[in-house]
Every structure is written in structure tokens, then in C-alpha cells.
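Notes follow once the structure below has been shown.
Derivation of every value follows stated rules applied to the coordinates shown; laboratory data play no part. Nothing here was measured: the structure is a model prediction, and the numbers come from that model. Glycine gets a Cβ as well: all are built from the backbone with ideal geometry, and neighbour counts include every protein chain shown.
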Amino acid sequence: MPSTKQSLIYRQHVIDLHHWIATVFSGSGPEVESAHADLLASFHPTFTMVTTAGDLVGLEQVKDLFRRNQGLRPGMEIEIADCEIIQTSGSMVAVRYRETQRTGSEQNTRLSIALLEHTSNGVVWRYLHETAIEDRQP
């Protein structure tokens, strides 16, 4: 398993990436362009994901999603919880986390597993699998 410092780096990257997503989707403020650039730089060129609808999509589809939805969810917030590293292999880690998205009165939650790689340029996302789960109120 990675050291405590490495674990914190991966967990913080999961939080940062979702902050950038919320910034891009909410479209609020001058930081949107910077967040969009940071977001796209976080994905490996061969990135793929399974969406909550069960669709397998690649990086070009993900980029298009961010472009099409920029600014369409004002006030969007994303909360990351229960983030833990569940497996490591060389420069790769598998991270499981719970993500809750809120926009106004709408809320949805998903449980995700991501495969992240630590490269000389930082952490990049190789794979993501999202599963929609029933919202749990505190």
C-alpha cells in the first residue's frame, strides 16, 4: 500500500478533480477556464469509464460532455466521502469513493472506483466505473 503521504495525494486529487467538474458545470467565475484545463489534463489519453447508465465511454466523449455542459448547472456542488485506496500495483492505485452531486433541490449519489496512475507529470485517471446508489440522508 502507498505511504500515508501518497494516500493523501491520491485522495486530494479525487477531491480536486470533482471540484474542477463542479466549477466547469456551474460555470461561475473566471476560474472556469483554469478548472477546465486542469480537469482535461487529469485524464490519460486512453481513459475510459462506465457511466451510471452502464455506457462505456472514452476520453473524447468525456471532453464533449464537459464542453456541452459548461455553465448549465449553476450552484452545483460535489461532495466526496469515504475515499479509500483499495488496491495498488506499481504506479497505479484503485480508489473507491462516494460522490454526491447537488444542484438546487436535486441530488444524486454514486459509488465509484477509479484507477489512477502516478506519472512524472502528476496523477492521471486511467479508468472510472460509476454506480448510481440511493441517496442517504444524514
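Brief remarks on what is shown
- Farthest toward positive dipole pole in region 9-120 [+1 Lys/Arg, -1 Asp/Glu at C-beta], among His18, Ser34, Leu65: Leu65
- Net charge contributed by nearby residues that have their C-beta within less than 13 Å of Trp125 (K/R +1, D/E -1): -2
- Base-10 log of normalised Debye intensity for the chain (one unit scatterer per alpha-carbon) at q = 0.11, 0.18, 0.19 Å⁻¹: -0.39, -1.09, -1.22
- Using only side-chain charges placed at the Cβ, +1 for Lys and Arg and -1 for Asp and Glu, the dipole size of the chain relative to its Cα centre rounds to 160 debye.
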